[in-house]
Every structure is written in C-alpha cells, then in structure tokens.
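Participant: What follows is a structure written as structure tokens; I'll ask about it next.
The values are calculated or read from the model by the stated rules, or taken from the named source; none is laboratory data. None of the values given here were measured: they were computed from a predicted structure. Because the Cβ atoms are built from the backbone with ideal geometry, glycine has one as well, and the counts that use them run over all protein chains shown.
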C-alpha cells in the first residue's frame with residue numbers, strides 16, 4: 001500500500017486520519033507543522049502528502065511551495081486539507097501544485113480517505129487526477 005504523510009497541527013485530526021489510513025493498510029507518518037513536514041518528506045519519502053493549510057512555524061501553502069520547487073519532491077501529489085472554504089485559498093493551493101483541495105468540515109473522514117485513494121489510483125496509473 002501507499003506511504004502517506006499527514007501534516008496537521010491538530011493532534012486529534014492527525015490521529016483520526018492516521019488510524020483510518022493505517023486500518024486500510026497504508027503506512028502513515030505524521031508531522032505537526034510545515035517545518036517538521038519538510039524534514040519528514042526527505043526521510044520518509046511518502047507517496048502522497050495530506051497537508052493542512054493553517055499551521056504554526058510554516059503554513060501549508062509555504063510548505064507546498066517548497067515541495068514543488070525541489071526536484072526531489074515536486075512530483076509527490078499533495079492534497080490540501082483545511083477548514084478554510086474560500087475559493088481564493090483553493091485556487092492559490094491548486095495553482096501552487098496541489099492536486100486537490102478538501103474542506104474537512106464538508107466531508108466525513110471516510111469520504112476524505114476515499115478521495116485520497118482516488119488520487120493514489122490516478123498516480124499509480126501515471127495519470128494526473130482532476131484538480132477539483
């Protein structure tokens with residue numbers, strides 16, 4: 001199965017997603033902020049990154065920018081997970097290279113896990129999934 005990095009500063013949400021993906025057979029690593037997330041990307045080499053927008057030290061958009069500028073990490077698909085529902089935020093994240101922008105409060109955790117699976121399937125077939 002896939003190696004998933006969850007970069008989320010809310011420990012409850014982080015554990016929730018970790019349990020769901022672990023239960024489904026994925027290998028999961030977590031990070032509490034953007035700086036830790038960048039370090040873990042280099043050591044863990046995930047297949048996909050779930051990235052919260054609002055975090056301390058380095059927010060999700062800043063981390064996304066750094067990931068996409070680095071040749072070693074730019075091809076890793078990134079799904080933005082946030083409670084910010086502004087269209088501007090979604091457009092910014094997608095323009096910076098995120099493959100999907102999910103508003104956590106609008107979906108059950110299981111639905112989010114299914115969306116992540118769809119993205120993973122698209123990438124394992126060497127297809128770029130739709131961005132919205």
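Participant: Scanning the range 3-29 for residues that are free of Cβ contacts under 8 Å to residues at least 60 places away in the same chain and under 15 Å from residue 78 (Cβ atoms), which turns out surrounded by the fewest Cβ atoms within 10 Å (Cβ to Cβ)?
Facilitator: 3
Participant: Another question about this same structure. Out of curiosity, is residue 41 surrounded by 17 or more Cβ atoms within 10 Å (Cβ to Cβ), modelled with pLDDT of 95 or more and assigned to a strand (DSSP E or B)? Talk me through it step by step, then tell me what you get.
Facilitator: On the way: surrounded by 17 or more Cβ atoms within 10 Å (Cβ to Cβ): yes; modelled with pLDDT of 95 or more: yes; assigned to a strand (DSSP E or B): no.
Here the answer is no, as residue 41 does not meet what is asked.
Participant: Of the residues that make up the range 82-92, is at least one modelled with pLDDT of 85 or more, surrounded by 12 or more Cβ atoms within 10 Å (Cβ to Cβ) and either more than 22 Å from residue 29 (Cβ to Cβ) or touching a strand residue (DSSP E or B) at 6+ places or on another chain (Cβ under 7 Å) (or both)?
Facilitator: For the range 82-92, residues modelled with pLDDT of 85 or more, surrounded by 12 or more Cβ atoms within 10 Å (Cβ to Cβ) and either more than 22 Å from residue 29 (Cβ to Cβ) or touching a strand residue (DSSP E or B) at 6+ places or on another chain (Cβ under 7 Å) (or both): present.
Participant: Could you list all residues from the range 1-31 that are modelled with pLDDT under 95 and closer than 23 Å to residue 92 by Cα?
Facilitator: Listed by number, the residues that qualify are 8, 9, 10.
Participant: Can residue 68 be described as farther than 14 Å from residue 5 by Cβ and touching a helix residue (DSSP H, G or I) at 6+ places or on another chain (Cβ under 8 Å)?
Facilitator: Against the criterion (farther than 14 Å from residue 5 by Cβ and touching a helix residue (DSSP H, G or I) at 6+ places or on another chain (Cβ under 8 Å)), residue 68 does not qualify.
Participant: Please work out which residue is farthest from residue 15 (Cα to Cα), limiting yourself to the range 93-132 and to residues that are assigned to a loop (DSSP other than H, G, I, E, B), modelled with pLDDT under 90 and touching a helix residue (DSSP H, G or I) at 6+ places or on another chain (Cβ under 8 Å).
Facilitator: Among those that are assigned to a loop (DSSP other than H, G, I, E, B), modelled with pLDDT under 90 and touching a helix residue (DSSP H, G or I) at 6+ places or on another chain (Cβ under 8 Å), it is 128.
Participant: In the range 55-81, how many residues are over 23 Å from residue 114 (Cα atoms) and either at pLDDT below 90 or not in a helix (DSSP H, G or I) (or both)?
Facilitator: The total comes to 10.
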